[in-house]
Amino acid sequence: MVKFNKLKLGIFIACWLPLLWLLLDIILDNLGGNAVQAVHIRLGDWSLRFLCMVLAITPIQTMTNWRGMAEYRRMFGLFTFFYATLHLLAYLVLDHFLVWPIIATDILESSYIWFGIAAYLIVLALAVTTPKWVIKLMGKDWKKLHRFIYLAAGAAIMHYFWQLKGNLAEPLFYLLVIILLLGFRVLVSFKNRVVSRLMLPKGRR
Amino acid sequence: MIIKTKKTIPASEITDPYVFKERRKIIKALLALTAMGSGIVPVLADNKPRWTNLPESSFSADLMTTPSEIIENYTNYYEFSYNKHDSTKLAQQLATDPWSVEISGEVEKSGTYFLEDILRQQTLQEHIYRFRCVEAWSMVIPWVGFALGDLLRKAQPLSTAKFVKFTSVYRPEVMPRQKQNNMLEWPYSEGLRIDEAMHPLTLLAVGMYGDTMPKQNGAPLRLVVPWKYGFKSIKAIVKIELLKKAPTTSWNKFAPGEYGFYANVNPNVPHPRWSQNSERLLGSGFFTPRRETELFNGYGEQVAGLYKDMNLRHFF
Ligand code: HEM
């Protein structure tokens, strides 16, 4: 059984809000002239946002020295998978209505989708290896596998960049976020001694 | 001649404009109640249309047209913003009256004319055409306009006129992307080969749905070339030049590997980063599959001859 404390419950509920908001917009016909695309884009955006939140956990943990954040990483990770799955389903069902020959051509000819699929496959692999018993079973390999989250983030950013016509502001923002988060990890692991000492509270230096 | 495209849009696939409007009214009322902002900006008040009983072009396709609210709210206008919602709002600041157009270059009679004077000499018709954007969505639009060729002939092109260059208005005061000198080379410009320009399908449009052109859709005068991707159909035209050589065009200059001079709709030639094989017909709802894109956007019977000895993969 999962035990929820109040904060965790609050965050768990908040993770459903983007979906609720989207459903509300669908019901109110609030999505403009290309509602199919709007739904699809909204879900893609939220997949990427959750992915960024997953990556933010470790740096926050290091900086605040707050134990127990790993649970949130796991929760955000599963929501990344959840929204990415809805994003994929929206593409297959809402947009293409499962007309496979057209889907096949579309994917083959759209290189930006390849990056999306790569990101999704990684997120999928990470999601199916979340149960506690799998973590135990995998031992050290689990950590190695879950480092691929950075590769997923890179692929997701490429997926975003590669579909644009020239307006780079939004994907650049996410790229910056991911570089910062990855940069932090790299710094920490390479200069472990110095940096982690600076980050630790005074008494523990 | 009526263009019979093989697959017309089944009535079930597209919302009847009346039903669409009614549905929107109900939704608007709901929205007012919930005090939430609608994603769609109401741009035009419900005035009487400017033209009634326009003759129908013989090229008009026998298709259900896309609701005007979609056409008016889902359009690119990069001079204003890269975002369709913002550009629609900002475009309202463009003053379009009075408007004059310069016709020059390889012609006997060059000059600058008021749009109203040009219109007095042309017979306006309604032209129901398919419109296919390079972003893989499409519409069916009832344009009000006249054949570009009719205007060009009045200027008497010289035999040296091989291409036509179109230039959009340059108004950095109201066009933020021009002011910041962002992305494309401004003013926006486009071009056609002379035979493409003289083709009877090629229009200069001044309105749609029997009414004046909404500003965001290219008022007061825009080009419509239905067998090419939408970015060829330049908006707010102030200059038409007949040239000996092919002009440079905005998108082609920005990304020559992605946007060709011809830009004919072609499902077999993907954009380097995405497929052009299918399109989302706007107005069709959820769970409606995409429409398979047709070569020359379904106008092959009329225009394929213009390109008969050309490798369309090379001249994309
Ligand atoms: C973890 C995996 C994924 C993430 C994080 C992701 C994220 C995104 C983002 C951020 C966008 C752009 C939204 C915008 O324009 O603001 C997008 C668009 C898109 N994604 Fe994904 N995506 C993922 C997987 C996939 C997969 C597996 C597919 C298809 C098989 C896919 C297909 C698309 C398509 C077609 C678009 C373009 C939508 C449009 O503009 O019409 N994505 N995605």
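A few remarks follow.
- D (Stokes-Einstein, µm²/s), Kirkwood Cα radius, region A:1-82, 1.306 mPa s at 10 °C: 112
- Interface of A with B. Using a 1.4 Å probe and counting protein heavy atoms only, the two chains hide about 3000 Å² of accessible surface, both sides summed.
- Sequence of A:Arg67, B:Arg290 from largest to smallest accessible area, 1.4 Å probe: A:Arg67, B:Arg290
- ³J(HN,Hα) computed for each position of region B:132-137 - Karplus, 6.51 cos²θ - 1.76 cosθ + 1.60, integer Hz, glycine/proline x: 10, 8, 5, 7, 6, 10
- Percent RCO, i.e. relative contact order, over region A:1-98, from Cα pairs under 8 Å lying at least 6 residues apart: 31
- Once the Cα atoms are used to define both axes, helix A:169-190 deviates from the longest principal axis of chain A by about 30 degrees.
- Each Lys and Arg Cβ is given +1 and each Asp and Glu Cβ -1; about its Cα centre, region B:209-315 then shows a dipole of about 400 debye.
- Two-site FRET efficiency, A:Ile179 against B:Asn182, from Cβ-Cβ distance with R₀ of 25 Å, rounded to 0.05: 0.55
- Averaging the sequence gap over all C-alpha pairs within less than 8 Å and six or more residues apart, then dividing by the number of residues, gives region A:109-163 a relative contact order of 63 percent.
- Compared with the direct C-alpha span, the chain from A:Lys6 to A:Ile135 gains 43.8 nm at full extension, assuming 0.36 nm per residue.
- Kirkwood Rh (inverse of mean 1/r, distinct Cα pairs), the protein assembly as shown, angstrom: 25.7
- Of the accessible area of the protein assembly as shown, computed with a 1.4 Å probe over protein heavy atoms only, carbon and sulfur atoms account for 63 percent.
- Note on chain A: GNM, Cα springs under 10 Å; of A:Ala104, A:Ala127, A:Ala38, the largest mean-square fluctuation is that of A:Ala104.
- Interface burial in region A:11-38 reaches 40 Å² or more for A:Leu28, A:Asp29, A:Asn30, A:Gly33, A:Asn34, A:Val36, comparing the full protein assembly with the chain by itself; accessible area from heavy atoms with a 1.4 Å probe.
- Rg ratio (alpha-carbon, reference 2.2 N^0.38 Å) - region B:97-190: 1.31
- Kirkwood radius, region B:161-316, all distinct C-alpha pairs, inverse of mean reciprocal distance: 16.9 Å.
- Over chain A: helical MRE at 222 nm, DSSP H runs n ≥ 4 each giving -39500 (n - 2.57), nearest 500: -25500 deg cm²/dmol
- Once both labels are positioned 7 Å from their Cα atoms along Cα-to-Cβ, the gap between B:Glu301 and B:Asp195 label points is 2.1 nm.
- Once the Cα atoms are used to define both axes, helix A:111-128 deviates from the longest principal axis of chain A by about 50 degrees.
- A viscosity of 1.002 mPa s and a temperature of 20 °C, combined with the Kirkwood radius over Cα pairs in Stokes-Einstein, give a translational diffusion coefficient for chain B of 106 µm²/s.
- Computed FRET value (nearest 0.05) for B:Thr160 with B:Met310, which takes r as the C-beta separation and R₀ as 22 Å: 0.50
- In terms of packing, defined here as the mean over residues of other Cβ atoms within 10 angstrom, the peptides B:111-123, B:72-84 line up highest first as B:72-84, B:111-123.
- In region A:84-154, the trypsin sites (Lys or Arg not before Pro) that fall in loop regions by DSSP, at most 12 other Cβ within 10 Å: A:Arg147
- Rg to Rh quotient for region B:59-142, alpha carbon positions, Kirkwood Rh: 1.04
- Based on C-alpha pairs under 8 angstrom that are at least 6 apart in sequence, chain B has a relative contact order of 19 percent.
- Per residue, in Å², the accessible surface of chain B once ligands and nucleic acids are set aside, probe 1.4 Å: 43
- Scaling against 2.2 N^0.38 Å puts the C-alpha radius of gyration of chain A at 1.13.
- Cross-link table A:Lys136/A:Lys191; B:Lys228/B:Lys253; B:Lys109/B:Lys308, entries beyond 24 Å C-alpha to C-alpha: A:Lys136/A:Lys191; B:Lys109/B:Lys308
The values are calculated or read from the model by the stated rules, or taken from the named source; none is laboratory data. Predicted model, so just to flag it, every value in this text is computed and none were measured. A quick note on method: Cβ atoms are made from the backbone with ideal geometry, for glycine too, and the neighbour counts reach across all protein chains shown. When the accessible area is computed, the model is the full protein with side chains, heavy atoms only, and any ligands, DNA or RNA have been set aside. Shrake-Rupley method; radii C 1.70, N 1.55, O 1.52, S 1.80 Å.
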